[in-house]
Amino acid sequence: MPVRCLRVLTFILLFAAAAAHARDWLDWRGNGNEIAAVAAAALPPEARDTLALIHQGGPYPYRRDGIAFQNREGRLPDAARGYYREFTVTTPGSRDRGARRIISGGQPPTVFYYSDDHYRSFRRIRE
């Protein structure tokens, strides 16, 4: 009987550990740490070009540039609706807009975030 209980307990612990790992993997918000930073000079040249366009107010090459970014996944700090705007960073070789974006915050913008994986992660741009 004690061996059977030990096996059941082992199974329960392994199942709980696997479930916790799966939950962490599915939760893109991560563990609540602050957003990492990246120097503007370290961004790809296309991202630096997009940042310059944002600072000069356009014109933007993509129709959806400048639309409100909803922050639905909550990966950026909470802000009022319409605070964030998204802009496409051209991806060489891509036939569509690609996955890279810059998100600006404020009007005029006072903060910028870069995502190279279509909003799954962000880095705050230090200018």
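Rule-based calculations on the coordinates, nothing more; no lab input. This one's a predicted model, so the numbers in the text were calculated from it and none came from an experiment. Neighbour counts are summed over all protein chains in view; Cβ atoms, including those assigned to glycine, are modelled from backbone coordinates with ideal geometry.
Classification of segment 35-126 by its C-alpha gyration tensor yields a rounded form. The axis ratio a/c (a ≥ b ≥ c) stays under 1.5. State the answer as a single residue: which of Tyr114, Ala79, Pro92 lies farthest towards the positive end of the charge dipole of segment 62-120, with beta carbon charges of +1 for Lys and Arg and -1 for Asp and Glu, about the Cα centre. Towards the positive end, the residue furthest out is Pro92.
Extension gain for Gln70 to Asp117 (0.36 nm times residue separation, less C-alpha to C-alpha distance): 15.3 nm.
Taking other residues whose beta carbon is less than 10 angstrom from the beta carbon of Asp117, and scoring Lys, Arg as +1 and Asp, Glu as -1, yields +2.
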